[in-house]
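**Q** Would you mind keeping the following structure in view while I ask a few things?
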Amino acid sequence: MAEAPSGLRILLHQHQKERTPVHISSHADRDRVIEIFKKAILKSDSPENFALQTVQEAIKPQRQTVLVQDENQSLENALRTLLQELVSSAVQSGEDIMQYGQSIDDQESTYGQIPRLLDIVLFLCEKGHVEGGMIFQLLEDLTEMSTMRDCKEVFGYIESKQDILGKQELFGRGKLVMLRTCNQLLRRLSKANDVVFCGRILMFLAHFFPLSERSAVNIKGVFNTSNETNYEKDAPNGISIDFNFYKTFWSLQEHFRNPASTTVAPTKWHKFQSNLTVVLDTFEAQPLSDDDGKANNLEEEESAAFNIKYLTSSNLMGLELKDPSFRRHILVQCLILFDYLKAPGKNEKDGPSESMKEEIKTCEERVKNLLETIPPNGKEFLHSIEHILEREKNWVWWKRDGCPPFEKQSTERKTSHDSVKKRRPRLRLGNRELHQLWTWADKNPNALTDPQRVRTPSITEYWKPLADDMDVSAGIEEEYHHKNNRVYCWKGLRYSSRQDLEGFSRFTDHGIEGLVPSELLPPEVRSKYHSKPVSERSKRAKKEEESKESVSHAEDNQITNSTTDMDTGGNTELEDSTAPMDAEALVSITQSGAPTPEENQKLSPSEAGNSEAEVEVEADTGTKTTDGEVDAEEEPDA
């Protein structure tokens, strides 16, 4: 082979030197971390006393240039390796995984090494010293390495730490890992033999995840169609029951398995109705007695574990029909199916027809009557089932609306110590403002004499801005005048009504600008709003004179009429005698002024009122004349 040129060899050598080194955790570092944690799990103290020091001792020798994420990954790898070694040692010794290496603490409580390791990691995750998802990863590895017998104990540990694992800082990091762990356990379990354990897992998931968690809700309402019920298709030899009834009875399970298929075609519904009618007729024809209920002893069956599926052998059909629990199982399935068919859909077309509703109602009544007659405690059992189905409707409506979230953030109650610290001070007058105002004089004795305090302005001070606006020489535009401010005008009216009644009276004729005092206005503006009210006083005097003349004319007319009646003779003595008296009374009133009480009795009500008005006008006029306040335009009395 030909030798490469020297220049090429130099370039290759330089390229190799430029590569950055990749940091890889060595086996020695991992073994050292494992040994540190092996010593830690043998301690009997609480993890709070040594967990953080253990982590600091394990990570401190590493290089400082490694990121925190890489440190967490290295620690997680070491802990997973340690967990695998502990499980392997427990299997070789033949002990239970969760009981391996038990030690007795001061309180005589036993702890295995694996639960001890999980407690340390859980404390570190809870306090934020390590990554929050580390504990979930260890639990998943532990369930994968354990048998089903050991998984029950591992899951018991998970249930005991449910409150800590469900905290927000841990739940967000490990919820998917926990969901995967539980689903793997459910796939490994037998639905027929491990019913209780499956129920524990489902109950844990229901409590661990929020109600609106999308992964825990069957939004589309998909049924488990893989749950098939196999039964005999051909009649065996020597059968003692009606084989047609046997096939009709077990064919109902096809509709219970997938209720949606029953409403797809009317023929399927009619087939289901006819088969159900046959079964209900048989139940009604063969009622159960109280002895049948006592013989089966349902209370002991309910307390013990039972299978969720019944045997379908035709040889057992006669015995199963006499079993109260078997009949209840079938009839409750019918109620669940009816409840599904009656549930409203998103559209009105999705619901059943009117004829179908009537048929469902009839069958439902027959089923409930049969449940009441099945001993023991038939009515109580039916009431419980109805209550459960009624609550189920709430979930149906919630899922139909798209599962809107309805969780509310919990508010932590304040402790008594905090409440004492934050107790509000006692106020003397009910609220803080009045209390502060009441105690203001004690704290500030010179508050009332302070020139800077807030006080009500005088009329001159308040109307000064509006007077500046009215000055034409100031050149202030109309839209910026204070008269456009409603609050300013309203306050000014209140001030003037209390301190300047003369200015307040000018508001009717001149508006808000008439309230401005004259000394604030320039001469050309002052003459417009503050001219002498000669015309008003003249108008008032003329109105008084006109009223006086109208009264005198009314008196003259009355005298003339009375004289005319006297000349003509009159018809009655009453008119002849009354007219001279009225005339004399009127003459005396006009000459002497105020009438006497006797004269008032002689006058009619209208005449008396006119005379009194005349006297008041004369008195007013006389007073004005005496005081010398009569204007030049007013004419004196003749």
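The values are calculated or read from the model by the stated rules, or taken from the named source; none is laboratory data. Just so we're clear, the structure is a prediction, and the values are computed from it rather than from any experiment. As a convention, Cβ positions derive from the backbone with ideal geometry for all residues, glycine included, and neighbour counts pool all protein chains shown. Remember, those area values only see protein heavy atoms, side chains included, never the ligands or the DNA or RNA. Shrake-Rupley method; radii C 1.70, N 1.55, O 1.52, S 1.80 Å.
**Q** Which parts of segment 108-140 would a label at residue 153 reach, counting a residue when its backbone N lies under 18 Å from a point 7 Å out along Cα-to-Cβ?
**A** 109-120, 139-140
**Q** Another question, then. Distance from a point 7 Å along Cα→Cβ of residue 268 to each backbone N in segment 187-224: keep the residues under 16 Å and list them by number.
**A** Under cut-off, by backbone N: 221-224.
**Q** What's the Kirkwood radius of segment 134-210 in Å, using all Cα pairs?
**A** 12.6
**Q** Just the number please: accessible area per residue for segment 459-528, 1.4 Å probe, all protein chains included, in Å². Numbers along the way, then the final one.
**A** Details: 4490 Å² over 70 residues.
Normalised by residue count, the accessible surface of segment 459-528 is 64 Å².
**Q** Something else now. Do the alpha carbons of any pairs in 191/233; 271/399; 152/233 sit beyond 28 Å of each other, and which pairs?
**A** Those over the limit are 271/399; 152/233.
**Q** Once you sort the root eigenvalues of the Cα gyration tensor of segment 459-528 as a ≥ b ≥ c, which label holds: rounded (a/c under 1.5), prolate (a/b larger than b/c) or oblate (the other case)?
**A** Since a/c reaches 1.5 but b/c is at least a/b, the shape of segment 459-528 is classed as oblate.
**Q** Points 7 angstrom from Cα along the Cβ direction at residue 258 and residue 223: gap in nanometres?
**A** 0.8
**Q** How much length is gained on full extension from residue 392 to residue 38, taking 0.36 nm per residue of separation minus their Cα-Cα distance? Show your work: numbers first, answer last.
**A** Details: separation 354, 0.36 × 354 = 127.44 nm, distance 5.09 nm.
Gain in length upon complete extension: 122.3 nm.
**Q** While we're here: Obtain the nm distance between the two label points defined at residue 241 and residue 365 by a simple spin-label model: each point lies 7 Å from its Cα along the Cα-to-C-beta direction.
**A** 2.9
**Q** When the dipole is taken about the Cα centre of segment 26-208, and only Lys, Arg (+1) and Asp, Glu (-1) are charged at their Cβ, what size is it in debye, to the nearest 20?
**A** Magnitude of the dipole: close to 580 debye.
**Q** Residue 547 versus residue 29, label points 7 Å from Cα toward the beta carbon: distance in nm?
**A** Calculated label separation equals 11.4 nm.
**Q** Something else: Please state, as a whole number in µm²/s, the translational diffusion coefficient that the Stokes-Einstein equation yields for segment 221-288 at 25 °C and 0.890 mPa s, with Rh defined as the Kirkwood radius across alpha carbon pairs. Walk me through the numbers before you get to the answer.
**A** Working: Rh = 13.6 Å.
Estimated via Stokes-Einstein, D reaches 181 µm²/s.
**Q** Please calculate how many Å² of accessible area segment 26-208 carries per residue, with a 1.4 Å probe and no DNA, RNA or ligand atoms counted.
**A** Heavy-atom accessible area per residue stands at 53 Å².
**Q** Something else now. Projecting each Cα onto the charge dipole of segment 26-208 (Lys/Arg +1, Asp/Glu -1 at the beta carbon, about the Cα centre), which of 145, 205, 49 comes out farthest on the positive side?
**A** Highest projection toward the positive end goes to 205.
**Q** Right, another one. What length, rounded to one decimal in nm, is gained on full extension from residue 433 through to residue 497, with 0.36 nm per residue of separation minus their alpha-carbon distance? Show your work: numbers first, answer last.
**A** Details: separation 64, 0.36 × 64 = 23.04 nm, distance 2.91 nm.
Full-extension gain reported as 20.1 nm.
**Q** Could you work out what % of the accessible surface of segment 459-528 is carbon and sulfur, using a 1.4 angstrom probe and leaving DNA, RNA and ligands out of the count?
**A** Numbers: 2310 of 4490 Å².
With neighbouring chains kept in place, the figure for segment 459-528 is 52 percent.
**Q** I want to make sure I understand the PRE zone here: with the label point 7 angstrom from the Cα of residue 234 toward its beta carbon, which residues in segment 247-272 have backbone N atoms less than 17 Å away?
**A** Only 247 fall inside the zone, counting backbone N under 17 Å.
**Q** At a Förster distance of 25 Å, what's the computed FRET efficiency of residue 45 paired with residue 144, Cβ-Cβ distance as r, to 0.05? Walk me through the numbers on the way to the answer.
**A** Working: r = 31 Å, r/R0 = 1.22.
The pair residue 45/residue 144 has a calculated efficiency of 0.25.
**Q** If r is the Cβ-Cβ distance from residue 528 to residue 449 and R0 is 51 Å, what FRET efficiency results, to the nearest 0.05? Display every interim value, and only then the final one.
**A** Values: r = 41 Å, r/R0 = 0.80.
The computed FRET efficiency comes out at 0.80.
**Q** Counting Lys and Arg as +1 and Asp and Glu as -1, each charge on the Cβ, what is the dipole of segment 459-528 about the Cα centre in debye, to the nearest 20?
**A** Roughly 380 debye, rounded to the nearest 20.
**Q** Something else: For 246, 488, 480, 111, give me the order by solvent-accessible area with a 1.4 Å probe, most accessible first, ignoring ligands, DNA and RNA. The partial results should precede the final answer.
**A** Numbers: 246 0, 488 25, 480 150, 111 90 Å².
Sorted descending by solvent-accessible area, the residues read 480, 111, 488, 246.
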